[in-house]
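Working notes for the structure below.
The values are calculated or read from the model by the stated rules, or taken from the named source; none is laboratory data. Just so you know, these numbers come straight off a predicted model, no measurement behind them. In this analysis, Cβ positions are derived from the backbone assuming ideal geometry, glycine residues included, and neighbour counts consider all displayed protein chains.
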Amino acid sequence: MKKLLAITNARVLGGASSLLLEGDRIAAVGGDIPADAEKLDARGAHIAPGIVDLGVFSVDKRACIAGGITRVALMPDQNPVLDEPGIVQRAALAAKPDLWVHPLAAATRGLSGAELGEYAMMRKAGARAVATGRGWIADSGVMMKVMTYAASLGMTLITHAEDAGLVGAAVATASETATRLGLASAPAEAEALAIARDVMLAELTGVRLHFRKVTTAKGLDIVRMAKSKGLPVTCGIGPSDLFLTETATNGSRSCALLPPPLRSEADRQACLGAVRDSTIDVLSSAHDPRGPEAKRLPFADADPGAAGAETLLALSLGLVRDGIISLERLFELLALNPSRLLGVDSGRLEVGAPADLLFFDPETPWQIDATKFVGQAGNTPFDRLPVQGRVLKTMKGGRALA
């Protein structure tokens, strides 16, 4: 007989005050507590589904547990690239049972943008979607083949949205800031151009298309148009694009070197509006920890990316405090919608759902300190920022994680 665990004195997302777990599943939400159940006093903590982080670049188990993340979709940009079934299978098993890793199959071999991978075989090995990685597939003929193959398997295609021909070696968005700092830059329109092409190809092929990050007003307008036509197009964003602008690169701060580069204040406001009106479907950390040897370099020579798993919840809760979205909507963006895109049973607090839970206090104040991160690295553009909202406990399959 499976063990019963009753979590009491809780503030469960949706309004209940208790959860009953049976083994690794939710047996009841609210209601009477069986006399033979072991009891866990939540001490007034909020309980929500564990976060499903769509599009991380590293399996960083400690950072994920600290951030309330119970599942990650791993980008194919690994060493070696996730372009063979055996490599995909190893990645899927990398962190069990504490963290579920859902590999994303490389759209092309070696992420070269040329030869397609064997998606069907990689799906059998554990791949949950197909992704182009950090880059954009410039050849429209290849991209159409990628979409056609993914659509035939019912797999979502996750793509990076920047026209490579315009971006080149740019490390910043074209602006006064980039000019003053002497940084190679590209127009923000590079994003909209990439999105427009891929949306048209998605309409031809019928593929489920997800843009991992859309960060400009023009790009978001094209996504809105695609959705208004009923196309299966979705998009995501990260906290850096919602709370920072290109001015964060002042002083050539390499922790603010991100892909895509930070945008203007007008684009940031457009992104907040897109969260409010549901144009944006997913919030993710884009967790990409980089050590000091990769970041303590001149801005243009440093590696792009930032550690984001440990700060994702606290930063995202700012959207709730600012009245942009409700707490329930926040966890649709953090957990339910990513689960649906990946086709995994997660992201909901319902009878029969996995007992993947996040205990948190949305009011606890703290200051982000990169030197105190528990993950692989602490490179973050939010270092020293005061925030509110602390993860208290992460549970995977009904089991508390340390």
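The residues of the stretch 78-107 that are closer than 21 Å to Glu118 by Cβ, surrounded by fewer than 20 Cβ atoms within 10 Å (Cβ to Cβ) and among the acidic types (Asp, Glu) amount to a single one, Glu84. Listed conditions (1) touching a residue at least 60 places away in the same chain (Cβ under 8 Å); (2) in a loop (DSSP other than H, G, I, E, B) are all met by Asp345, apart from (1). Can you tell me which residue within the stretch 335-366, out of those that are of a type in the set (Phe, Trp, Tyr) and touching a helix residue (DSSP H, G or I) at 6+ places or on another chain (Cβ under 8 Å), is surrounded by the fewest Cβ atoms within 10 Å (Cβ to Cβ)? Among residues in the stretch 335-366 that are of a type in the set (Phe, Trp, Tyr) and touching a helix residue (DSSP H, G or I) at 6+ places or on another chain (Cβ under 8 Å), the one surrounded by the fewest Cβ atoms within 10 Å (Cβ to Cβ) is Trp366. If only residues of the stretch 282-306 that are closer than 16 Å to Pro260 by Cα and of a type in the set (A, V, I, L, M) are counted, the one that is surrounded by the fewest Cβ atoms within 10 Å (Cβ to Cβ) is Ala300.
Of Met143, Met122, all but one fail to be more than 15 Å from Phe211 (Cα to Cα) and buried (at least 23 other Cβ atoms within 10 Å of the Cβ); the exception is Met122. Of all residues in the stretch 126-139, those satisfying the criterion of being touching an Asp or Glu at 6+ places or on another chain (Cβ under 9 Å) and either outside any loop (DSSP other than H, G, I, E, B) or not aliphatic (A, V, I, L, M) (or both) are Ala131, Gly133, Arg134, Gly135, Trp136. Restricting the search to the stretch 146-164, which residues are surrounded by fewer than 17 Cβ atoms within 10 Å (Cβ to Cβ) and polar (S, T, N, Q)? Within the stretch 146-164, Thr148, Ser152 meet the criteria. Within the option set Ile280, Ile324, being of a type in the set (A, V, I, L, M), out of contact with any Ser or Thr (no Cβ under 9 Å at 6 or more places or on another chain), assigned to a loop (DSSP other than H, G, I, E, B) and more than 25 Å from Gly375 (Cα to Cα) holds for one residue only, Ile324.
Here is a check on your reading of the model: is Ala95 modelled with pLDDT of 95 or more and either part of a loop (DSSP other than H, G, I, E, B) or not charged (D, E, K, R) (or both)? So Ala95 does not fit the description; no. Of all residues in the stretch 151-192, those satisfying the criterion of being part of a strand (DSSP E or B) and under 19 Å from Leu231 (Cβ atoms) are Leu157, Ile158, Thr159. From the list Gly31, Gly117, Gly55, Gly14, the one residue that fits, being over 27 Å from Glu332 (Cα atoms) and either buried (at least 18 other Cβ atoms within 10 Å of the Cβ) or small (Gly, Ala, Ser) (or both), is Gly117.
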